[in-house]
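Report on the following structure.
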Amino acid sequence: MRKISLFISLLALAFSATVSAHGPVRGKMTATISIDAPADKVWDVISNYDDMSWHPAISNATADNGNKKGSVRVLTLTDGGTITEELKAHKADKMSYKYKITDMSSVKTIQHAGQDEDIPVLPVENYAATISVKGKGSKSVVKWVATYYRGYVNNNPPEELNEAAADKAVTAVLTDGLTSLAQKFDSSANESDVKIKLKR
């Protein structure tokens, strides 16, 4: 009986250690905003993969193959950093496109667990997103869905690369972008008009 109790105790301890030492968990953030403009007018603003002038955090965008699948886009941020993305799909008939981050510049390097860790401009890994527009009467709804992991793939991440840092950064990207887009059609649009849902 004592051996069984010891075995159960050890099993519970091992399970507890496994749970507390889990790796990164995939996040899925969905941001939506209703815009007082026809869907085709809104889509016209965001449809070109090499044009991100509607996003306030991006000062320049270039793409090597336009709206064709596989096109590589380089975004230059207003703070001087860069993000490189690959176009995975572009569906003009459905007013949507999907892309994935393939490379990013770093804002700084920190020491963590005895190693140098680069902090990218967006503290995430395996980031992919889809942006789409759908008509709703005379208005339209823009949906921006991003999936990602925190920026540190091992256990015990530094504060700069944990889930909270990733969520905060992605929330800012989606919220600022959708707010700015809506303001092109309605100057009274603000951040509170953006609805955010996060699943993990």
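The values are calculated or read from the model by the stated rules, or taken from the named source; none is laboratory data. Because the structure is a prediction, the values reported are computed rather than measured. Every residue, glycine as well, gets a Cβ built from its backbone with ideal geometry; the counts of neighbours run over all protein chains shown.
Of note:
- Note on segment 118-200: enclosed strands (runs of 3 or more DSSP E) holding 1 or more residues that are surrounded by 19 or more Cβ atoms within 10 Å (Cβ to Cβ) are 124-136, 139-150.
- Tally of residues being closer than 30 Å to Val45 by Cα and either hydroxyl-bearing (Ser, Thr, Tyr) or at pLDDT below 95 (or both) across segment 137-168: 6
- Just one of the listed residues (Asn48, Asn65) is surrounded by fewer than 17 Cβ atoms within 10 Å (Cβ to Cβ) and closer than 27 Å to Gln183 by Cβ, and it is Asn48.
- The residue that is surrounded by the most Cβ atoms within 10 Å (Cβ to Cβ), counting only those in segment 107-116 that are touching a residue at least 24 places away in the same chain (Cβ under 8 Å) and among the β-branched types (Val, Ile, Thr), is Val107.
- Taken over segment 72-106, the criterion of being in a strand (DSSP E or B), touching a residue at least 24 places away in the same chain (Cβ under 8 Å) and surrounded by 16 or more Cβ atoms within 10 Å (Cβ to Cβ) is satisfied by Val72, Arg73, Leu77, Ile83, Leu87, His90, Ser96, Tyr97, Lys98, Tyr99, Ile101.
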